[in-house]
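Take a look at this one; I'll ask things after.
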Amino acid sequence: MAATIVFIVLAAVLIGAALGVITSRNPVHSALFLVLAFVTSAGLWLLLEAEFLALILVLVYVGAVMVLFLFVVMMLDINTATLRQGFVRYAPLGVVVAVIVLLEIGYVVWTQKLGVTFGTPVPHAATFSNTRELGNLIYTTYVYPFEIAAVILLVGIVAAISLTLRRRAGTRTQDPAKQVRVSAKRGRIRIVKMPTQGGQAE
Amino acid sequence: MSSVLHNLVMFWQALPAGWQLTLRSLAGIVAIMLPLILAVAYLTLAERRIIGFMQVRIGPNRVGPWGLFQPFADVLKLMLKEVILPTNANRFLFLTAPIISIATAFAAWAVVPFSKGVILSDANAGLLYILALSSFGVYGVILSGWASNSKYAFLGAMRSAAQMVSYEIAMGFALVGVLLASQSLNINQIVLSQGGNIGHWYIWPLLPLFVIYLVSGVAETNRAPFDVAEGESEIVAGFHVEYSGTAFAAFFLAEYANMILISALATTLFCGGWFSPLQGWAWLAGTPLGFLTHTSFIWFAIKTCFFLYCFLWFRATFPRYRYDQIMRLGWKVFIPITVVWLMLEGLAIVIKLPPWFA
């Protein structure tokens, strides 16, 4: 009963946030609506006893990905008028993509081909560790897909860095190791004995 | 008198289980929040006094005996000030940002074990919960900087966003070390697995990770020497320049609550939490000093206070890092060290290195 109410509230907020992402005029507001959508879907996953996935969703997407997203959106001087120009031209393509996605979801859910079943899930015991179960699956049954995904991500990182890393002539960089190794006694400063002029300085 | 008590007990038992749970949780939240806010108030006083002594001056000592009422005077002053909204500021986000900061700083306390069995929520994935909430805290800083519609606030927000995201990775890796050693994400379980004697604390096998955790914690809370987000000599006061009155107090409260949280976590995850450092000294048991070996909230508090003292000590001792040095330290020093140490730790677990991994 209570869980149903929580589900309905979270689902309503999630749909509202998702609408906010595509309808708000300010890109920063859109990004913030996306954050709200992530947090509410994490709440939905918590209801399904998938606490590891829910917290990782908040940790990775809300805590890292969206922060960098906001970082970029806030820094860029985006002209929203030029962005909205092509709306009518691209709308048919968008509709086609949306319909295909909907059909795919419908296929998976209604035909129940991929092991999707309806019914109330059986609650686990309090000692059940979602994290341990997930770890067991990832590192035994699905170890190859998991490793391949990891390598693809690594390739992505290396590619992104190598595309943007350019050595220009004339840039100056510091070598912190050298800075640390500096010794004041070896020629960095020279202590000179000066004869005083006599008497106390004023 | 006893009939009133009896009636109360009857009333309690007549409540549905859901109500009982809700009321008990609310009572627990109040029981954590009030001492925490008081601790924050006195931490600000302690900071001013201790740094004062370190710099050979006196510090605030006028309000009440030894200045003990100074925090209340400060709070009263801040509450009476007007909350000024800058022109063209985004009103909603401007006022939401301090709330996000303070809410995430307080909510994380739900899974901190104060003593044996004294914990608000013995959650299964408590460690992850704390990481998730601390990563959410960045939003308070970013939104305040953006919503203020001010260059200085925005620069401060950008700096701290980059800094917090970078150090979260090192911090997360350090906590993975704890997770590997204790084989649990439940914080209560992590403390229990450090029982035995002082040698079982994870600070010994995970010493590099502990140092990295503590330094990352200082960087995460934007404290000196990592306080470029509010570097007053460069960008006035950083992300909270435009805030005044209660809204500013909320940021202040959040920063200090986060400091206490980091210290409490350093205690629970690496230094045996509420276990006594003298635990396992059997010859003390019969003597009048036997109570020193007992587990108690006092030990938790003492260890936490020590780390809080370190926070203040760092602030009084170290000059501020340059921004590129901060980034270098996070990405090029801390992250490689954690990765290497995690591999060594994995090896130690495989060969069942006593006494920690046997």
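The values are calculated or read from the model by the stated rules, or taken from the named source; none is laboratory data. Keep in mind that what you see is a predicted model, and the values were worked out from it rather than measured. Cβ sites come from the backbone with ideal geometry, for glycine too, and all protein chains shown count toward neighbours.
Would you call B:Leu8 part of a helix (DSSP H, G or I), modelled with pLDDT of 90 or more and surrounded by 10 or more Cβ atoms within 10 Å (Cβ to Cβ)?
Taking the combined requirement at face value, the residue does not satisfy it.
Exactly one of these conditions fails for B:Asp324: (1) closer than 26 Å to B:Tyr42 by Cα; (2) surrounded by fewer than 22 Cβ atoms within 10 Å (Cβ to Cβ). Give me its number.
Status for B:Asp324: all satisfied but (1).
B:Leu284 versus (1) within 28 Å of B:Pro113 (Cα to Cα); (2) at pLDDT below 90; (3) out of contact with any Gly (no Cβ under 6 Å at 6 or more places or on another chain): which is the lone unmet condition?
All conditions pass for B:Leu284, except number (3).
Does B:Arg320 fit the bill of being assigned to a loop (DSSP other than H, G, I, E, B), away from every other protein chain (no Cβ under 14 Å) and touching a Pro at 6+ places or on another chain (Cβ under 9 Å)?
Yes; evaluated as a whole, the condition is true for this residue.
Then there's this: Condition check: more than 12 Å from B:Thr268 (Cβ to Cβ), of a type outside the set (S, T, N, Q) and not in a helix (DSSP H, G or I). Does B:Gly199 satisfy that?
no
Answer yes if at least one residue in the range A:120-143 is more than 30 Å from B:Gly126 (Cα to Cα) and either loosely packed, with under 10 Cβ neighbours inside 10 Å or modelled with pLDDT of 90 or more (or both), and no otherwise.
No, the range A:120-143 has no match at all.
Another question, if that's okay. Which of the residues that make up the range B:91-118 are in contact with a Ser or Thr (Cβ under 7 Å, 6 or more places away or on another chain) and either hydrophobic (A, V, I, L, M, F, W, C) or surrounded by fewer than 21 Cβ atoms within 10 Å (Cβ to Cβ) (or both)?
Residues satisfying the conditions are B:Phe94, B:Ala97, B:Ala108, B:Ala110, B:Val111, B:Val112, B:Ser115, B:Lys116.
So, in the range B:243-281, of the ones that are of a type in the set (Val, Ile, Thr) and either modelled with pLDDT under 85 or under 30 Å from B:Phe154 (Cα atoms) (or both), which residue ends up surrounded by the fewest Cβ atoms within 10 Å (Cβ to Cβ)?
Looking at the filtered set, the residue picked out is B:Thr246.
Inspect the range B:41-58 for any residue being closer than 20 Å to B:Ala254 by Cα and free of Cβ contacts under 8 Å to residues at least 24 places away in the same chain and give the result as yes or no.
There is at least one residue in the range B:41-58 that is closer than 20 Å to B:Ala254 by Cα and free of Cβ contacts under 8 Å to residues at least 24 places away in the same chain.
For the range A:137-160, which residues satisfy the criterion of being of a type in the set (A, V, I, L, M, F, W, C) and over 20 Å from the mean Cα position of the chain (by Cα)?
A:Leu137, A:Ile138, A:Val143, A:Ile148
Yes/no per residue for (1) within 14 Å of another protein chain (Cβ to nearest Cβ); (2) buried (at least 22 other Cβ atoms within 10 Å of the Cβ); (3) touching a residue at least 40 places away in the same chain (Cβ under 8 Å); (4) in contact with a Gly (Cβ under 8 Å, 6 or more places away or on another chain):
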{"position": "B:Ser150", "(1), (2), (3), (4)": "yes, no, yes, no"}
{"position": "B:Gly156", "(1), (2), (3), (4)": "yes, yes, yes, yes"}
{"position": "B:Ala162", "(1), (2), (3), (4)": "yes, no, yes, no"}
{"position": "B:Ile169", "(1), (2), (3), (4)": "yes, no, yes, yes"}
{"position": "B:Leu179", "(1), (2), (3), (4)": "yes, no, yes, no"}
{"position": "B:Gln189", "(1), (2), (3), (4)": "yes, no, no, no"}
{"position": "B:Gly195", "(1), (2), (3), (4)": "no, no, yes, yes"}
{"position": "B:Ile212", "(1), (2), (3), (4)": "no, yes, yes, no"}
{"position": "B:Gly217", "(1), (2), (3), (4)": "no, yes, yes, no"}
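Regarding A:Leu48, is this residue touching a residue at least 40 places away in the same chain (Cβ under 8 Å) and either more than 13 Å from chain B (Cβ to nearest Cβ) or in contact with a Lys or Arg (Cβ under 8 Å, 6 or more places away or on another chain) (or both)?
The answer is yes for A:Leu48.
Still on this model: Please tell me if B:Ser135 is under 26 Å from A:Leu59 (Cα atoms), small (Gly, Ala, Ser), away from chain A (no Cβ under 14 Å) and in a helix (DSSP H, G or I).
The answer is no for B:Ser135.
Still on this structure, I have one more. Using the structure shown, decide if B:Ile142 is modelled with pLDDT of 90 or more, buried (at least 18 other Cβ atoms within 10 Å of the Cβ) and closer than 19 Å to B:Ala161 by Cβ.
No: the conditions fail for B:Ile142.
Of the residues B:Lys303, B:Lys332, which is in a helix (DSSP H, G or I) and closer than 29 Å to B:Met54 by Cα?
None of the others qualify; the one that does is B:Lys303.
Hey, can you tell me all the residues within the range A:58-78 that are surrounded by fewer than 20 Cβ atoms within 10 Å (Cβ to Cβ), at the interface with chain B (Cβ under 9 Å from one of its Cβ atoms) and under 21 Å from B:Leu127 (Cα atoms)?
A:Val60, A:Ala64, listed by residue number.
Kindly list, by first and then second residue, each pair from a residue in the range B:107-132 that is within 14 Å of another protein chain (Cβ to nearest Cβ) and more than 23 Å from B:Val165 (Cα to Cα) to a residue that is assigned to a helix (DSSP H, G or I) and of a type in the set (Val, Ile, Thr), limited to pairs with Cβ atoms under 7 Å and residues at least 6 apart or on different chains.
B:Ser121/B:Val111; B:Ala123/B:Val111
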